[in-house]
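S.K.: Following this message is one structure expressed as structure tokens.
The values are calculated or read from the model by the stated rules, or taken from the named source; none is laboratory data. Remember, it's a predicted structure, so these values are computed and weren't measured experimentally. When we count neighbours, we look across all protein chains shown, and the Cβ atoms used for this are built from the backbone with ideal geometry, even at glycine.
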Ligand SMILES: [Mn+2]
């Protein structure tokens, strides 16, 4: 981290990259680091590759969707592998120096400099970096870091929440954060589309292996008809795993025809990161994902076999 702080201090034009279908952690990490580096006089842009989910609009993050510019240093935040950059790989390849800061233990160490550590969120590493850079912490920065941690821990409910997570939160709360408003906007408010997709997901769950595996699907027709955006789908992954007795919950979505995205969640003992990695994805032991091209039914049948094997191996 010391070395990375030095590289950043020596760079003038820096790009910060979030991962595809950006979530609170990748965005919170990008915007917090952007604000800190700007305070140090650096020219810093967040480049997302897509619109960010509207639930984060109230925080006024400034970003570019794409750019032809060349940067001294490109930093990927919360990206487990280079595929998570999609079209921004070209931007990454053009940079003189590349850095990868992440907390997914399946990370492929794709940059010149890689810092991968096990924390509840990538943003905790960003906070450590900001402190090393000697940039002042502000309410705005603390808010983004809070958003990153609260989203990646499901509001401090997931097993990745550690004592150190709460210590960090206590530090951030000293900046007079409006946590009730942040949490209301992030966890409670939803679009009408999301409400309808929630209902659809709940009424389309299939169970296997005596109810230990639950699979919900949102196919292309359903998502296209609903005009769903990625923000409408985030969070629905928790629905199958929330049913009593389920050990592995899966949500398969097809936003782009023929591109099946599968999100895995497990409760206690199945390592879903291993399963997702087998299909070209990755993640954490209890929350992982992958994207496979083909027909939903075939892909799910194959994955279901793998999950069944993993379940019965334990
Ligand atoms: Mn994360």
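S.K.: Given the criteria part of a helix (DSSP H, G or I) and in contact with a helix residue (DSSP H, G or I) (Cβ under 8 Å, 6 or more places away or on another chain), does residue 108 qualify?
M.R.: No.
S.K.: Also, quick follow-up: So, in the range 112-127, exactly how many residues are away from the ligand (no atom under 11 Å from the Cβ) and free of Cβ contacts under 8 Å to residues at least 60 places away in the same chain?
M.R.: 5
S.K.: Also, I was wondering about something else. With the condition being surrounded by fewer than 18 Cβ atoms within 10 Å (Cβ to Cβ), I'd like the strands (runs of 3 or more DSSP E) fully within the range 200-288 carrying at least 3 qualifying residues.
M.R.: Working: elements: 205-208, 213-218, 248-256, 259-266.
The strands (runs of 3 or more DSSP E) meeting that bar are 205-208.
S.K.: Residue 109 versus (1) more than 14 Å from the ligand (Cβ to nearest atom); (2) more than 14 Å from residue 34 (Cα to Cα); (3) in contact (Cβ under 8 Å) with a residue 12 or more places away in the chain; (4) surrounded by fewer than 20 Cβ atoms within 10 Å (Cβ to Cβ): which is the lone unmet condition?
M.R.: Tallying (1) more than 14 Å from the ligand (Cβ to nearest atom); (2) more than 14 Å from residue 34 (Cα to Cα); (3) in contact (Cβ under 8 Å) with a residue 12 or more places away in the chain; (4) surrounded by fewer than 20 Cβ atoms within 10 Å (Cβ to Cβ), residue 109 fails exactly one: (3).
S.K.: Take the range 128-163 and flag every residue that is away from the ligand (no atom under 16 Å from the Cβ) and in a loop (DSSP other than H, G, I, E, B).
M.R.: From the range 128-163, those away from the ligand (no atom under 16 Å from the Cβ) are 130-143, 163; that's our starting set.
134, 135, 136, 137, 138 - these are the residues of the range 128-163 that are away from the ligand (no atom under 16 Å from the Cβ) and in a loop (DSSP other than H, G, I, E, B).
S.K.: Mind listing just one residue for me: the one in the range 50-59 that is surrounded by fewer than 21 Cβ atoms within 10 Å (Cβ to Cβ) and in a loop (DSSP other than H, G, I, E, B) and, of those, modelled with the lowest pLDDT?
M.R.: Checking each candidate, the answer is 53.
S.K.: Step by step: first the residues of the range 182-194, then only those that are without any contact (Cβ under 8 Å) to a residue 60 or more places away in the chain and either in contact with a helix residue (DSSP H, G or I) (Cβ under 9 Å, 6 or more places away or on another chain) or part of a strand (DSSP E or B) (or both), then the one that is farthest from residue 248 (Cα to Cα). Which residue is that?
M.R.: Among residues in the range 182-194 that are without any contact (Cβ under 8 Å) to a residue 60 or more places away in the chain and either in contact with a helix residue (DSSP H, G or I) (Cβ under 9 Å, 6 or more places away or on another chain) or part of a strand (DSSP E or B) (or both), the one farthest from residue 248 (Cα to Cα) is 182.
S.K.: May I pose another question? Just to be sure before I move on: is residue 166 within 12 Å of the ligand (Cβ to nearest atom), in the same structural domain as residue 86 (by TED's automatic domain parsing) and either closer than 19 Å to residue 18 by Cβ or modelled with pLDDT of 95 or more (or both) in the structure I sent?
M.R.: Spelling it out, it is not the case that residue 166 is within 12 Å of the ligand (Cβ to nearest atom), in the same structural domain as residue 86 (by TED's automatic domain parsing) and either closer than 19 Å to residue 18 by Cβ or modelled with pLDDT of 95 or more (or both).
S.K.: Restricting to the range 152-169, give me the number of residues that are touching a helix residue (DSSP H, G or I) at 6+ places or on another chain (Cβ under 9 Å), surrounded by fewer than 24 Cβ atoms within 10 Å (Cβ to Cβ) and in contact (Cβ under 8 Å) with a residue 60 or more places away in the chain.
M.R.: Going through the range 152-169 one residue at a time, the tally reaches 3.
S.K.: Now, a different point. Does at least one position in the range 136-150 carry a residue that is under 30 Å from residue 278 (Cβ atoms) and surrounded by fewer than 23 Cβ atoms within 10 Å (Cβ to Cβ)?
M.R.: Scanning the range 136-150 turns up no residue that is under 30 Å from residue 278 (Cβ atoms) and surrounded by fewer than 23 Cβ atoms within 10 Å (Cβ to Cβ).
Residues are listed down the side, and each one gets a yes or a no for (1) out of contact with any helix residue (DSSP H, G or I) (no Cβ under 7 Å at 6 or more places or on another chain); (2) part of a loop (DSSP other than H, G, I, E, B):
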residue	(1), (2)
61	no, yes
71	yes, yes
74	no, no
79	no, yes
88	yes, no
91	yes, no
99	no, no
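S.K.: For the range 172-183, does any single residue satisfy the condition of being surrounded by fewer than 16 Cβ atoms within 10 Å (Cβ to Cβ), over 16 Å from the mean Cα position of the chain (by Cα) and within 19 Å of residue 117 (Cβ to Cβ)?
M.R.: No, that holds for no residue.
S.K.: Taking residue 36 as the residue in question, decide whether it is within 15 Å of the ligand (Cβ to nearest atom) and out of contact with any strand residue (DSSP E or B) (no Cβ under 6 Å at 6 or more places or on another chain).
M.R.: For residue 36, the condition - within 15 Å of the ligand (Cβ to nearest atom) and out of contact with any strand residue (DSSP E or B) (no Cβ under 6 Å at 6 or more places or on another chain) - is not met.
S.K.: Could you list, in sequence order, all residues of the range 62-81 that are surrounded by fewer than 23 Cβ atoms within 10 Å (Cβ to Cβ) and within 16 Å of the ligand (Cβ to nearest atom)? Break it down stepwise before answering.
M.R.: Applying the first criterion (surrounded by fewer than 23 Cβ atoms within 10 Å (Cβ to Cβ)) to the range 62-81 yields 62-70, 72, 81.
Within the range 62-81, just 81 meets the criteria.
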